[in-house]
Ligand SMILES: Cc1cc2nc3c(=O)[nH]c(=O)nc-3n(C[C@H](O)[C@H](O)[C@H](O)COP(=O)(O)OP(=O)(O)OC[C@H]3O[C@@H](n4cnc5c(N)ncnc54)[C@H](O)[C@@H]3O)c2cc1C
C-alpha cells in the first residue's frame, strides 16, 4: 500500500498540462480526483513516474449550457453533479447515477472526466455516457478533437485517447422533460462497484415507445451500449413481450468476469433484472 | 442531617457504579483522534521493515538474491531464513503446539507468506527495495480443499514434519494431518443415533473468514544495547504472554523486556498470536541496535495474519418422534492452513468446540475433530469468540433447525422442548462441561413475545401462498438462534497458554485524597475497560468512577495477566478487580472502626462509607478513610491502602441469548433484507448497559457480515481472491440492520459480582440467526441445507436451482 516514487506537477492551464504530458511521455499520467489512480498506485499495479494534477485548472471545472447542449468540464466532481441545478433540470439521470457511485468522501473528489477516461468497465458514468450519446472533447499537444462516447471504449483500461491527450469536457444533449429515464444498479454495499447496472432513456408517444437507449455497466470488458435491446423496445407499447425481448438481447451481449460479486451467469442475469427494473421506472417517468 | 444531605440514592448515583449507563471515558480521546496507537509512536533513528511475500501458494525456493536491494540507498539490511538460523528464530512455536516459519525456509506454503524482511530508513525505501529482492521459485502442486488433504496422493506440505507420527495432540495419520481429538461416549452415541426414531445428518460448513480489525497488526521494537533492554510496543491482546514468549525466544531476561500495548484499534482475536512481523522487528532491532517498526497493510492483514473458522462439521442428531433429542454426533474437519496457529488454550486443539451440545439436554454426545494442513494462511483464531464456540453454536443451531424441519415442528418449539431446564443448573453436559446458571425458557419466551413470533409465522405462511400464486417475488424467513457460550477461560486446572495458567489480575491503589489507580492483566481493544472496571471498583469501594484511573497494557506496571480475548476480561480480571477491592474494603473497615472508636464488627458498609450500626449519622466516608490510611491507622497495621488479586476462576461462565431475525429475500436478485433483528442477551449482572448494547451492536454487525458474505476465499491455485476491502465484505452503516436489544439477568453463581461476559455473544448468536433465516425462507420449497455465506449471488443460485426463475 506504498506507491513507488513519482514527481508531481500542478499546471494551471490545459495547454500547459498537455505540453507537460507530451514532454514527459509514457511515464506521465494525468491526475484528477485520484480515486481510481491512487489505489492502483498504492498496490503498485501502476507506477507512473510523473503525475500531472489537473486540479489547478479552473477552466476544466463547471457546468454550462450551449444551445441544446450541456457542457460539463472534465474536472467537475460527482458532488458538483449532484448539486448542480443545470444538471438536475436537463440531465436528471446523471445525479441519479452519481448518487450510486462510491460514498460522499469519494464523490467530493472523484470527477466525471476521471470516471469516463479511466476505462474501467466498473465505472458507472461510461455506460451512461454511451446511453446519452455524449461527446468527449479531448486536447493533445497536436490540438483538440472530439470522440463519441460510443466509440471511446476499446477494452479494459483501453480507450480511444492517445498518449498525452486529456479529456477537457463532456457534451451531452439536454433531455426533454417528457423523456423517461432510470439508472438501476445492484451492488453489495456502499462503495462497491456494480454487480450489474443498467441505464435507460426512452420516449413514448401515443402509447408507443418512439426512441430508446440502453447502457450496461460492469458486465463486459467495456461498458456496453445495448443496441438490439433498445431496438426491441422501439415501436412497441413497452409490453411484457417487448421487454422480455430487450432483456434477452441485453443478456446476449454481456460477458462479465467471475469475481466476489458472483458468477458470470449471475451477473448476466442481474444485468437483465436491472434493465427490467430500469425500463419499468423509466416508463413511469415518460410522458407523451 | 439537613435538606442538603444527599439521600442514599443520590450517593449511589454519584458513584456511577455498576448498572450505570456511564459514558465511555476512552471515547473522549478516540473521537478526537487523540488515541495513541503503535503507528503513532515515533522514535529517533527509527527504521522500517517490510516483507517480500510469496506470490505462490506452494513452491520451493531455489534462490534468493538480495544484492540489488542491499545496494539501494537507504536500505540497511535484508533478512532471510538463513539469517535467522544462527539465532534459532527461523521457525517459532505456535500457541497450538506446532511450529511456524518466521521467514520461508526452503519453501513457501501459502500465498503472501513472508519470504524476506527488508529494513530501511523509511517506509517508502523499504517498499521499493522489496521489489528488488529476487526470489526464484519452483511451483509445487497446491492443496486448497481440506477434504482432499488426507487423500493418499495429496501433496506433502510440511516436509519438516516428515516421519513425525506424534503431534502435539496425539497421533498423526497422514502427512497433512495435524491432530485427532475426541470427546464424549462414542459407543453410546452411535447406539442412540442408530436407534433414533428420527435422525438427521448434514455437513454444516462454517467458511473461512477474518477478524479484520480496522487497525492492522504492528510492532515497534527498540533494543538498548547498553542496558541490554528491549522495549516492544505492539498490537497485543495479551502483552504479558508476548513478553514471556519474547524472553523464552530471545534469551533476554523477562525483567529486561518491556512490552507495551498502547491503544488498540480492534483485535477480535487477530492480535492474540505472535507473527513473523513482530519477530523480525525484534531481531532487526537487536542486530542493528536501532528501533525497527513493522506495520502491516490491509491486504497483508487479510491474507497473512490469522484467519478464523474454516470448520466443516458433519452433524447427526437423533430424536424421538415427539422431538425429544436423544443423541448428538459431530465430526469436524478443521482446516488450519499451512501451520496450526490456533490461539486456543494449549490443551485444547479444537478450543471449546465441545460446547456443541448447546442449550439442549442431550443425554449422550460425541465430538471428533481432525485438523489438516492446506496451502492457505495459518491460524484458526477465535474471531470475537471463545475458542471455536462460534463454530459450535452455528453447528447446533443450524442442526436443530434441520431437525425441526424433518419433524415438521416449529424451530422455536423444538428448542423449548429440549432446553436444559432452570432447575438442572449447575448442569453437567454430555461433553464434559458444567454450565453455571441459566434460564433458557424465560429468555426465549420473552423474545418470542416481544417480536410477536406467532404472528410472524402466520404472515410468513400467507406470503408463501402469495408467492406460490405468483403475486410476489419475495420470500420471508424467520431465523431463531438460542446460543449458550462458554467464556472466561479459565480455571488453571484445565486452561493454560504455553504452561501459564489462565488466571487474571488486578492491582488497586487508593491515594491519600481518595482517587484510585487500578491496573489489570487484560488489555482493551475497544471494549471500554477504562469505563467498566472503574464502575466495579466504584461500587465496591464507594469512590466515584470518575476518580478511578484504569491502566492496562504496560507489562512493567500492570500485574501479570493472560489478556483480553474469549470474553475473559469481565469473568476473570473483573472478578480479580472485585476481589482486590474487597481486600481494600476489609482494611478500610478496620481503619473506619479505629477512627470511630468502635470495634470492627460495630461498623457496616453503606454505599460510600462505613457507619456505626444503629447510628447512621456516625460514619467515615471512603475518602476520609483513604486519608487516614496514610496517617492514622490502627496500631500495628501497615499504612497505605492497596491490594492485588490474582483470580483463578473456579469455572467458566455460560452467557446465553435468544436472537431472532426476520428477513425478506428477493428471489430475482438474491438480495436479502433484514427487516428486524432482535437480540436478547443474558450475561448475568450488567455492569454498564450502554457498553453491553454497544458490544451487541458491534458483534451483530460482524455476524451479519460473516453470514451474509464475508469470507476469505481462494481459487484453485491458492490465490486469495478476497484480500482487500473491495472484495472482503465489511458492511457500512447503510447496509447494517437496526438492532433491537433486550436482556434477562441470571447471575453467575461463582463470580464475585455475578457477571458473565458479553463481548462475543452477539457474534456467536447472530450468525446462526441470519443463516437460519435464509434457510427458513427457502424451507417451504424443500431447498435442503444452504451453506454460508449467504451473499446475493449464492442465494440467487439456490432460487435458480429450485427453478424459481423459470
Ligand atoms: C471505494 C471506492 C469505490 C468506488 N466506487 C465506484 C463506483 O461505484 N462507481 C464508479 O463509477 N466509480 C467508483 N469509484 C471510482 C471513483 O468514481 C473515481 O473517482 C473515478 O473512477 C475516477 O475519477 P477521478 O477523478 O478520481 O480520476 P483519477 O483516479 O485521478 O484518474 C483515473 C484515470 O483517469 C485518468 N484521467 C483522469 N482525468 C483525466 C482526464 N481529464 N483526461 C484523461 N485522463 C484522465 C487518470 O490518468 C487515471 O488513469 C470508486 C472508488 C473508490 C475508491
Restrict the check to the stretch B:181-197 and report whether at least one residue is closer than 30 Å to residue B:50 by Cβ and either touching a residue at least 12 places away in the same chain (Cβ under 8 Å) or under 28 Å from the mean Cα position of the chain (by Cα) (or both). no
Output for the stretch B:612-630, where each listed residue is touching a residue at least 24 places away in the same chain (Cβ under 8 Å) and loosely packed, with under 14 Cβ neighbours inside 10 Å: B:617
Is it true that residue A:212 is within 11 Å of the ligand (Cβ to nearest atom), crowded, with 23+ Cβ neighbours inside 10 Å and not assigned by TED's automatic domain parsing to the domain that holds residue A:93? no
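Which is farther than 21 Å from residue A:61 by Cβ, more than 10 Å from the ligand (Cβ to nearest atom) and surrounded by fewer than 23 Cβ atoms within 10 Å (Cβ to Cβ), of A:195, A:163?
Values: A:195 fails: surrounded by fewer than 23 Cβ atoms within 10 Å (Cβ to Cβ).
That would be A:163, the only listed residue that is farther than 21 Å from residue A:61 by Cβ, more than 10 Å from the ligand (Cβ to nearest atom) and surrounded by fewer than 23 Cβ atoms within 10 Å (Cβ to Cβ).
State all residues of the stretch A:117-140 that are under 11 Å from residue A:74 (Cβ atoms) and near the ligand (Cβ under 8 Å from one of its atoms); if no residue qualifies, say none. If you could, list the steps in order and put the result at the bottom.
Residues of the stretch A:117-140 that are under 11 Å from residue A:74 (Cβ atoms), as a first pass: A:117, A:136-139.
Of everything in the stretch A:117-140, those that are under 11 Å from residue A:74 (Cβ atoms) and near the ligand (Cβ under 8 Å from one of its atoms) turn out to be A:117, A:138.
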Scope the stretch A:99-108; condition within 6 Å of the ligand (Cβ to nearest atom) and outside any loop (DSSP other than H, G, I, E, B); matching residues: A:106
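Quick one: count up the residues across the stretch A:169-191 that are more than 18 Å from residue A:86 (Cβ to Cβ) and in contact (Cβ under 8 Å) with a residue 12 or more places away in the chain. Before you say what the answer is, go through the steps one by one.
Just the residues of the stretch A:169-191 that are more than 18 Å from residue A:86 (Cβ to Cβ), to begin with: A:178, A:180, A:182-191.
In the following step, the residues that additionally are in contact (Cβ under 8 Å) with a residue 12 or more places away in the chain were identified as A:178, A:180, A:182-188, A:190-191.
Selection size over the stretch A:169-191: 11.
May I ask you to say which residue of B:717, B:726 is part of a loop (DSSP other than H, G, I, E, B), out of contact with any helix residue (DSSP H, G or I) (no Cβ under 7 Å at 6 or more places or on another chain) and touching a residue at least 12 places away in the same chain (Cβ under 8 Å)? Please lay out each step first, then the result.
Working: B:726 fails: touching a residue at least 12 places away in the same chain (Cβ under 8 Å).
Checking each option against the conditions leaves just B:717.
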List the pairs whose first member sits in the stretch B:685-699 and is buried (at least 24 other Cβ atoms within 10 Å of the Cβ), whose second member is modelled with pLDDT of 95 or more and part of a helix (DSSP H, G or I), and whose Cβ atoms are under 6 Å apart, counting only residues at least 6 apart or on separate chains? B:687/B:532; B:687/B:535; B:688/B:532; B:688/B:535; B:696/B:762; B:699/B:762; B:699/B:763
Condition test on residue A:170, is it within 14 Å of chain B (Cβ to nearest Cβ) and within 11 Å of the ligand (Cβ to nearest atom)? no
Report, ordered by the first and then the second residue, all pairs with beta carbons closer than 6 Å, sequence separation of six or more or different chains, a first member in the stretch B:118-137 that is within 11 Å of chain A (Cβ to nearest Cβ), and a second member that is surrounded by 18 or more Cβ atoms within 10 Å (Cβ to Cβ) and assigned to a loop (DSSP other than H, G, I, E, B). B:123/A:2; B:124/A:2; B:127/A:2
I'd like to verify a number: residues in the stretch B:707-742 that are away from every other protein chain (no Cβ under 14 Å) and in contact with a strand residue (DSSP E or B) (Cβ under 8 Å, 6 or more places away or on another chain), how many? 5
Checked the stretch A:135-152 for anything surrounded by 14 or more Cβ atoms within 10 Å (Cβ to Cβ) and either closer than 20 Å to residue A:24 by Cβ or out of contact with any helix residue (DSSP H, G or I) (no Cβ under 6 Å at 6 or more places or on another chain) (or both); matches are A:135, A:136, A:137, A:138, A:139, A:140, A:141, A:147, A:152
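Restricting the stretch A:173-182 to residues that are in contact with a helix residue (DSSP H, G or I) (Cβ under 7 Å, 6 or more places away or on another chain) and within 20 Å of residue A:64 (Cβ to Cβ), which is nearest to the ligand (Cβ to nearest atom)?
Going residue by residue through the stretch A:173-182, those that are in contact with a helix residue (DSSP H, G or I) (Cβ under 7 Å, 6 or more places away or on another chain) are A:174-175, A:180-182.
This time we only want the ones that are within 20 Å of residue A:64 (Cβ to Cβ), so: A:174-175.
Details: A:174: 22, A:175: 20 Å.
Result: A:175.
Restrict the check to the stretch B:754-764 and report whether at least one residue is crowded, with 24+ Cβ neighbours inside 10 Å, farther than 23 Å from residue B:474 by Cα and within 14 Å of chain A (Cβ to nearest Cβ).
Filtering the stretch B:754-764 for residues crowded, with 24+ Cβ neighbours inside 10 Å gives B:755-764.
Narrowing further to those that are farther than 23 Å from residue B:474 by Cα: B:755-764.
Pick out the ones that are also within 14 Å of chain A (Cβ to nearest Cβ) and you get none.
So far as the stretch B:754-764 goes, no, none of its residues is crowded, with 24+ Cβ neighbours inside 10 Å, farther than 23 Å from residue B:474 by Cα and within 14 Å of chain A (Cβ to nearest Cβ).
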Scan the stretch B:499-510 and give yes if some residue there is in contact with a helix residue (DSSP H, G or I) (Cβ under 6 Å, 6 or more places away or on another chain), in a loop (DSSP other than H, G, I, E, B) and in contact (Cβ under 8 Å) with a residue 24 or more places away in the chain, otherwise no. no
Tell me, please, whether a residue that is touching a strand residue (DSSP E or B) at 6+ places or on another chain (Cβ under 9 Å), away from the ligand (no atom under 11 Å from the Cβ) and over 21 Å from residue A:198 (Cα atoms) can be found in the stretch A:147-157. yes
Tell me, which residue of the stretch A:175-192 that is surrounded by fewer than 17 Cβ atoms within 10 Å (Cβ to Cβ) and more than 21 Å from residue A:260 (Cβ to Cβ) is nearest to the other protein chains (Cβ to nearest Cβ)? A:178
Can you name every residue in the stretch B:787-806 that is touching a helix residue (DSSP H, G or I) at 6+ places or on another chain (Cβ under 6 Å) and surrounded by fewer than 19 Cβ atoms within 10 Å (Cβ to Cβ)? none
Conditions (1) touching a helix residue (DSSP H, G or I) at 6+ places or on another chain (Cβ under 7 Å); (2) crowded, with 21+ Cβ neighbours inside 10 Å; (3) outside any loop (DSSP other than H, G, I, E, B) -> residue B:582 fails only (2)
Can residue B:172 be described as surrounded by fewer than 22 Cβ atoms within 10 Å (Cβ to Cβ), in contact with a helix residue (DSSP H, G or I) (Cβ under 8 Å, 6 or more places away or on another chain), away from chain A (no Cβ under 14 Å) and under 23 Å from residue B:369 (Cβ atoms)? yes
Go through (1) in contact (Cβ under 8 Å) with a residue 40 or more places away in the chain; (2) touching a strand residue (DSSP E or B) at 6+ places or on another chain (Cβ under 7 Å); (3) closer than 19 Å to residue B:42 by Cβ for residue B:273 and report which single condition fails. (3)
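The values are calculated or read from the model by the stated rules, or taken from the named source; none is laboratory data. Computed from a predicted structure; not experimentally measured. All Cβ positions, even for glycine, are placed from backbone atoms using ideal geometry, and neighbour counts span all protein chains on display.
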